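To keep things clear, I will list the structure first and then write my remarks on it.
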Amino acid sequence: MVTRFDQPIAIMLADSNPLVLSAMSEIFERDSRFSVVATMGTAEGFLGTVMRLPVQVGVIDWNLPALGGAKLIEILREQANAPKLVVYGDDHGDLPRLAMTAGAAAFAPRSGAVDGLLSTCIDVAAGKMVFPFVDIRDLQQDPIQTLSRKERVMLEALSKGLTNRELAKELGISTNTVKFHLSNLYEKLSVKNRAAAIAFYYSSRLPREAEQ
């Protein structure tokens, strides 16, 4: 199924390498599905611009000076109407996992085809998360076992996409108690947000289901 948009997707690009930034800008400007709002070489420049201009999707370098990609994602996560961020980087080591746990919407490898980056941004604009396979269970020794019964129930309910208010109703507790349990849940799973917790939940379930 092809996702279509009434208007071009407002996109902003940030990379510490001027050549990469120029090449990315040319690629997106040639594609009528996108409208390039701005290009930046620093995290501070990116942050200052998205606070003033409406941007739907941002493509960022993980090593963006001077704040870095992780800190930039953390700051924008607290802002209303912040763009969804795609980390564009080298596909090696822990970078995809780090991008996911930081709260990025997607990871696109620099070694991949140009069409892959474009399609990733389309999917992200449509509300999807796009990551290569990341076995999050390797982060800890079975952290699911450290969860209380209430936290396990909450994690399963969270995977259904319920809001805090809906979680409170489902579990028969107050929204403040929901926030308390979620905070503990994120800490035990070593994640920073709902999306990463849900990703953890599904990555921990699928292998077990396959064995059944």
If I ask for residues that are among the aliphatic types (A, V, I, L, M) and more than 13 Å from the chain's Cα centre (by Cα), which ones from segment 37-74 would you list? V37, A38, M40, A43, L47, V50, M51, L53, V55, L64, A66, L67
Exactly one of these conditions fails for T120: (1) of a type outside the set (D, E, K, R); (2) part of a helix (DSSP H, G or I); (3) surrounded by fewer than 22 Cβ atoms within 10 Å (Cβ to Cβ). Give me its number. (3)
Number of positions in segment 157-170 that are aliphatic (A, V, I, L, M), without any contact (Cβ under 8 Å) to a residue 40 or more places away in the chain and under 20 Å from Y202 (Cβ atoms): 3
Residue check: is P65 within 17 Å of A125 (Cβ to Cβ), at pLDDT below 90, in a loop (DSSP other than H, G, I, E, B) and not charged (D, E, K, R)? no
Please tell me if I136 is of a type in the set (A, V, I, L, M), at pLDDT below 85, crowded, with 17+ Cβ neighbours inside 10 Å and within 15 Å of the chain's Cα centre (by Cα). yes
When you go through N184, N193, N176 one by one, which is the residue that is outside the structural domain of D31 (by TED's automatic domain parsing), surrounded by fewer than 18 Cβ atoms within 10 Å (Cβ to Cβ), modelled with pLDDT of 80 or more and under 30 Å from S35 (Cβ atoms)? N193
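The values are calculated or read from the model by the stated rules, or taken from the named source; none is laboratory data. In this text, all values refer to a predicted model and were calculated from it rather than measured experimentally. Please note: Cβ atoms are built from the backbone with ideal geometry, for glycine as well, and neighbour counts cover all protein chains shown.
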